[in-house]
Amino acid sequence: MTAGFGIVPRMEPTTDSNNAAAVQVRGLAKYYGETRALDGVDLDVAEGTVMGVLGPNGAGKTTLVRILSTLVRPDAGRAVVAGWDVERQPYRLRHEIGLTGQYASVDELLSGYENLYLIGRLLDLNARGARRRAEELLERFSLTDAAGRPTRTYSGGMRRRLDLAASMIGRPRVLFLDEPTTGLDPRTRNEVWAEVRAMVDEGSTVLLTTQYMEEAEQLASDLTVFDHGKVIAAGGVETLKRQVGGQSLTIRPAQGAQLDAMIRCLAERGLAAVPDGAGGLTVPAVDEAQLTAVVAALGTSGLGIAALETRLPSLDEVFLAITGEQSTVPAAVPAPTSLESVA
Amino acid sequence: MTTLAAPALAAPAVPAGDNRTSLRASLHHIGALTRRNLMRMKADPESLLDALFMPILFTVLFVYVFGGAVAGNSHNYIQYMIPGMFGQIGLSLAMAVGTGLNTDFTTGVMDRFRTMPIARSSVLIAKLLAESCRSAVSLVVLVLFAMCLGLRIHTSPVNVLATLGLALAFGTGMVWVSMLLGMAMPNPQAVQGVGMLIIVPLQFGSSTFAPVHSMPGWLQAFTSVNPLSALADASRALINGGPVLHPALLALAWSVGLTVVFAPLAVARFRKRT
Ligand SMILES: Nc1ncnc2c1ncn2[C@@H]1O[C@H](COP(=O)(O)OP(=O)(O)O)[C@@H](O)[C@H]1O
Ligand SMILES: [Mg+2]
């Protein structure tokens, strides 16, 4: 095929039975000496969806992303991204992907604009196209004001946003984001989330790794939970949560003084309730029958209920239930550590 | 759990073959990357000043500090030393390539390039082109400055070009060594540090700054095989007149030898890392 200058005409990949999968991984393994960074991983990401890859430090998330983006060769197994084999067709594959690595990979000496412009040119946009795309993305990531400054003067969050913008220049079919919001303040994190959603709306498929349950819940429709290089759970977010069983129940008494009475009343019926610290009480993991029993018991004891809420367990609790051990995962995105808050 | 026992992916579920970058696209990529490297130099004026002023500083110091002692007067010394400086610039060009390469690897910029549909060689070629531009500028500045100090070209401009050609050939040979160093070291500072350990003995253990006959025997043994001596001798002969062939051949032999030994090693390592 003669590929003239410009976008290389893409040969439509012939698809097999999994034709809706943008990413297919089978038996993927990568060893570093004794360390099994990936140890026989299977995973599918359907076109147009967001797959959350969840796991503590050292679980193998980065290794997976680096193999799928052709940076590292697997020791065993196969991976196909956007219809192309990561080992045999890396050049074709690279036309279809964008990567934001765990550590920002921007040129410190160049301005934000020049970083994006360069990538546009390398993706075979002409000078005008590259300029437009760079300006458009700078705007979208609120970097227009800083566009002309060398990126070494950027804050961590700005760098991350620029890195993300860089991976989106080519409107990739599949976007890999390795812990995209680690270390970001909540506002920037929300911006990043919004952009990821926007990319999905534009038709991209996203594979995103995270240590934060909240992030996975916010963005992903499907989850794969990694630990020690292996998939320990996979499925839809809701399915996974339900698997762990039960819901947690929060009750707020009509009269605050009755909180202790309520807890005692439930304890008599074998339900361990604890104060939730906000004037109410929480009963972890109740099933439907117990739920009815709780309401009935409180009613007959004359303890008024002001508010009652059930919710599925958090992914933290899911992780805990699956691994049976305390995860090293932080429960939620930590509060921003800005200079102001330190000072 | 919703995943079924995953079937092995049917043997190539994708059309065979990969699609490399076309030559024309590669030229555009090299252009864009060269521009990037030049902009990096502009954004880092210290390194530019380094390239421009170190040769001038060397020249001034050596001409006026040692010139009289070595060559009787500073004018004679200018004719003696300046031709040898060309080789030195070739050498520092080469070493800068390794540092730049290391920076790209350690900052993750190389990872970004590697996920893009560009030939990996374009990154290297662009680096070489940009460093060559920098060397060309520092050569011109050096020659003009030396002429102000009284350098006379006794032969033809063609000879000056031949001098530059020799320096470039030697620089090309050293680029491979520098690349290897750039990929072997953990950070740019280490590349620079080890680079200095290689450069300084070559620079000063040569006939560039002083004739070798007053040096002790063991040092003469070193200087007589030092490529920078050969380069300096050949350049002097080309600019001032004198026997060119022997030192020029020796310098070329070094360039070819370095390339033959280190180019395959450097390229293999680069391919492995990219
Ligand atoms: N280049 C490497 N050399 C040696 N060990 C590595 C390398 N990359 C990753 N590992 C090891 O592989 C395991 C998985 O790492 P990684 O994929 O980075 O996990 P995660 O991104 O989930 O934190 C870790 O134990 C890590 O130390
Ligand atoms: Mg990681």
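The values are calculated or read from the model by the stated rules, or taken from the named source; none is laboratory data. Quick caveat, the model's predicted, so the values are computed rather than measured. Positions of Cβ are generated from backbone atoms using ideal geometry, with glycine treated the same way; all protein chains shown enter the neighbour counts. These area figures cover heavy atoms from the full protein model, side chains too; ligands, DNA and RNA do not enter into them. Shrake-Rupley method; radii C 1.70, N 1.55, O 1.52, S 1.80 Å.
Here are a few things to note about the model shown:
- Potential lengthening between residue B:49 and residue B:161 on full extension [0.36 nm per residue; Cα-Cα distance subtracted]: 37.9 nm
- 9 Å beta-carbon shell around residue B:29, net charge (K/R +1, D/E -1): 0
- Spacing of the two label points (7 Å from each Cα toward its C-beta) at residue A:139 and residue B:75, in nm: 6.8
- Efficiency of FRET from Cβ geometry, residue B:23 and residue B:213, R₀ 41 Å, rounded to 0.05: 0.20
- Ranked from largest to smallest solvent-accessible area, with a 1.4 Å probe on the protein heavy atoms, A:142, B:207 come out as A:142, B:207.
- Proximal aspartates and glutamates to residue A:30, defined as alpha-carbon separation beneath 12 angstrom and excluding residues fewer than eight positions away on the same chain: A:39, A:75
- Residues A:135, A:214, sorted by accessible area with the largest first, give A:135, A:214 [1.4 Å probe; ligands and nucleic acids excluded].
- Separation of the residue A:288 and residue B:220 label points, Cα + 7 Å toward Cβ, nm: 10.3
- Pairs from A:230/B:127; A:230/B:272; A:61/A:241; A:61/B:272 whose Cα-Cα separation, in the structure shown, is over 29 Å: A:230/B:127
- For residue B:133, solvent-accessible area (1.4 Å; no DNA, RNA or ligand), Å²: 60
- Under a 5 Å amide H cut-off, with hydrogens placed 1.01 Å from N, residue A:225 pairs with A:54, A:232, A:233, A:234 among residues at least 5 apart or on other chains.
- Figure note: B:254, B:176, A:84, B:218 ranked by solvent-accessible area, largest first, 1.4 Å probe, ligands and nucleic acids not counted: B:218, B:254, B:176, A:84.
- In this structure residue B:222 has an accessible area near 80 Å², from a 1.4 Å probe over the protein heavy atoms.
- Calculated FRET value between residue B:137 and residue A:187, using beta carbons and R₀ = 35 Å, to 0.05: 0.15
- Inter-label distance for residue B:106 and residue B:38, nm, one decimal - labels placed 7 Å from Cα along Cα-to-Cβ: 2.7
- Chain B: DSSP helices with Cα axial extent of at least 15 Å and average Kyte-Doolittle hydropathy no lower than 0.0: B:45-61, B:74-106, B:120-149, B:157-184, B:188-204, B:227-240, B:245-273
- In Å², nearest 10: area of residue B:52 left accessible to a 1.4 Å probe: 40
- 1.4 Å probe, heavy atoms, protein only - residues of region A:66-93 losing at least 40 Å² accessible area vs chain alone: A:71, A:78, A:88, A:89, A:91, A:92
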